[in-house]
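I have placed the structure first, in the form of structure tokens, so that the comments after it can refer back to it.
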Amino acid sequence: KLQKGLKGKPLAFMELSHLQKVMAKHPDELWLGYGFEWDQRHAQRAYEILKRDKQTLLNQGHGKQMGSTWIHGVEPKEEDVYQPVGHTEGHTLIVGTTGAGKTRCFDAMITQAILRNEAVIIIDPKGDKELKDNAQRACIAAGSPERFVYFHPGFPEHSVRLNPLRNFNRGTEIASRIAALIPSETGADPFKAFGQMALNNI
């Protein structure tokens with residue numbers, strides 16, 4: 001059984017309804033996925049594997065999976081892995097190569113945060129459509145579809161509009177915000193100064 005597990009395991013998929021049931025049973029914990037607690041026997045197994053030719057373990061698993069899938073195989077019996085919700089109040093670092101599943105991991109964490117009725121702000125430079133759709137689906141599942149707000153200048157037909165000039169204390173603040181967008185090579189650029197003066201007059 002251990003030898004079979006070293007060849008990797010198929011990807012696991014979870015329905016949103018099942019995740020909601022998991023959350024109901026563990027309201028104070030964040031579900032991270034399937035795994036096991038690493039101890040001395042797993043370190044020993046990994047050490048023995050790394051001493052031999054790993055090619056006997058590769059390319060024999062479930063398709064072309066990313067990463068070293070044999071690491072999951074050092075423990076035949078995986079179980080749900082949780083983290084106390086209180087531990088997520090600091091920073092969380094998810095590492096992995098391109099295509100290894102970092103965004104899907106965030107998917108699960110974001111969905112749970114939305115279902116816990118927490119405020120969630122997602123800044124995604126890649127613009128992952130599936131991440132957006134899953135966040136929107138989570139808002140609908142939470143009974144608050146209006147909570148999902150999407151901003152993307154490239155898709156104005158689906159995006160909300162933001163007015164960065166709406167709130168200000170002094171009129172000069174508006175001129176400063178607009179003038180900051182004018183390219184300037186030095187801090188004392190006469191064209192930028194003239195532009196700010198003109199904006200102040202307006």
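Checking each residue in region 173-201 for being assigned to a loop (DSSP other than H, G, I, E, B) and either touching a residue at least 12 places away in the same chain (Cβ under 8 Å) or surrounded by 10 or more Cβ atoms within 10 Å (Cβ to Cβ) (or both) picks out A180, I182, S184, D189.
State which residue is surrounded by the most Cβ atoms within 10 Å (Cβ to Cβ) when the search covers only region 131-172 and only residues that are under 30 Å from N201 (Cβ atoms) and out of contact with any helix residue (DSSP H, G or I) (no Cβ under 8 Å at 6 or more places or on another chain). Looking at residues that are under 30 Å from N201 (Cβ atoms) and out of contact with any helix residue (DSSP H, G or I) (no Cβ under 8 Å at 6 or more places or on another chain), I get L162. The conditions of being on the phi > 0 side of the Ramachandran plot and surrounded by fewer than 15 Cβ atoms within 10 Å (Cβ to Cβ) are not met by G90.
Evaluated against (1) surrounded by 13 or more Cβ atoms within 10 Å (Cβ to Cβ); (2) out of contact with any helix residue (DSSP H, G or I) (no Cβ under 9 Å at 6 or more places or on another chain); (3) part of a loop (DSSP other than H, G, I, E, B), I121 falls short on exactly one condition, (1).
Just so you know, in region 31-59 the residues that are in a loop (DSSP other than H, G, I, E, B) and under 28 Å from A108 (Cβ atoms) include one that is modelled with the lowest pLDDT, and it is L58.
The values are calculated or read from the model by the stated rules, or taken from the named source; none is laboratory data. Since the structure is predicted, the reported quantities are computational estimates derived from the model, not experimental observations. Positions of Cβ are generated from backbone atoms using ideal geometry, with glycine treated the same way; all protein chains shown enter the neighbour counts.
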